[in-house]
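The values are calculated or read from the model by the stated rules, or taken from the named source; none is laboratory data. Everything numeric here is computed off the predicted structure, so don't read it as measured data. Don't worry about glycine lacking a Cβ; one is built from the backbone with ideal geometry, like all the others, and counts go over all protein chains shown. All accessible areas refer to the heavy atoms of the entire protein, side chains included, with ligands and DNA or RNA removed. Shrake-Rupley method; radii C 1.70, N 1.55, O 1.52, S 1.80 Å.
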Amino acid sequence: SGLLSAKFVCSAGGIKSDKSAELTPTPIVDCPPIKDPLEGRPTPPVGPCVATKLEIKDEVKTLSPGNYCGGLTVSGSSMVTLNPGVYVISGGKLTVTDTTSIKGENVGFFFTEKATLSFDRQTEINLTAPKDGIMAGLLIFEDPNNEAGIKHKITSDNARTLLGTIYLPRGSLEIDSDAPIADQSAYTAIIAWELKLKAGPTLFLNSDYAATDIPVPDSLIGG
């Protein structure tokens, strides 16, 4: 009983859907393939480790930008605030789990060395992308040199603000939430190798670009 609704739906590779699915409007299926619109986007510098396999549990904490080597885990009832800037997750997983909350304005995450993302069911996520700098407009940026098929998961039932562009040129994004995702974001854009929506989620890809000062990458406008 899936529903796909947009002003325009276009596929370069055909379509396969069950009879119970609703596609509005009927997709056009002979569109030419387009290149990755962010191909060649420069990656942010990785820099030295500011922490290694950092685990935050049942804490109220503020983090600063830098390279979080081996991943970052936020668990228990933690409340984490992110200062503006670029957060590099290298060689591990960014895991937000249990009843934790994580929020940050003008923050970007760069995933490298097979790093992955997991926002679990009972978490609260409120994030907006940087306004300027090397990751302007990019909320999540996967290293294009990563191997193909790395899986990133958002199952949070309270991830209503994901403002910016999610760029996974080699990765798979799975969304399996029982509540709306990104519906309170002025815009959310996704460029991914693979996008999976499971049984429960309602994913909003708003495009109210004028309602925010978070820039949209030029190559996406009108794409």
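Worth a mention:
- Just one of the listed residues (192, 210, 148) is hydrophobic (A, V, I, L, M, F, W, C), more than 15 Å from the chain's Cα centre (by Cα) and closer than 21 Å to residue 94 by Cβ, namely 148.
- Candidates 68, 87: the one that is closer than 17 Å to residue 128 by Cα and either charged (D, E, K, R) or touching a residue at least 12 places away in the same chain (Cβ under 8 Å) (or both) is 87.
- Members of segment 1-54 that are among the polar types (S, T, N, Q) and closer than 30 Å to residue 135 by Cα: 5, 11, 43, 52
- In this entry, residue 96 passes the filter for residues that are closer than 15 Å to residue 56 by Cβ, in contact (Cβ under 8 Å) with a residue 24 or more places away in the chain and not aromatic (Phe, Trp, Tyr).
- When restricted to residues that are surrounded by 16 or more Cβ atoms within 10 Å (Cβ to Cβ), polar (S, T, N, Q) and not in a strand (DSSP E or B), segment 51-85 contains 1.
- Criterion (under 23 Å from residue 53 (Cα atoms) and of a type in the set (A, V, I, L, M, F, W, C)) met by exactly one of 190, 134, 140: 140
- Criterion: assigned to a strand (DSSP E or B), open to solvent by less than 50 Å² (accessible area, probe 1.4 Å) and farther than 20 Å from residue 100 by Cα - qualifying residue of 130, 169, 215: 169
- Yes/no for residue 196 being of a type in the set (Lys, Arg) and either buried (at least 18 other Cβ atoms within 10 Å of the Cβ) or under 16 Å from residue 108 (Cβ atoms) (or both): no
- Checking residue 136 against (1) surrounded by fewer than 18 Cβ atoms within 10 Å (Cβ to Cβ); (2) under 16 Å from the mean Cα position of the chain (by Cα); (3) aliphatic (A, V, I, L, M); (4) closer than 25 Å to residue 179 by Cβ, the condition it does not meet: (4)
- Matching residues in segment 98-119 - criterion: being crowded, with 19+ Cβ neighbours inside 10 Å and in a loop (DSSP other than H, G, I, E, B): 100, 106, 115
- Filtered by the rule that a residue be of a type in the set (Asp, Glu), closer than 24 Å to residue 166 by Cβ and open to solvent by 60 Å² or more (accessible area, probe 1.4 Å), segment 1-50 gives a lone residue, 39.
- Residues of segment 139-151 that are over 17 Å from residue 205 (Cα atoms) and either crowded, with 23+ Cβ neighbours inside 10 Å or acidic (Asp, Glu) (or both): 141, 142, 143, 147.
- Of the candidates 50, 86, the single residue that is within 18 Å of residue 127 (Cα to Cα), of a type outside the set (Gly, Ala, Ser) and modelled with pLDDT of 95 or more is 86.
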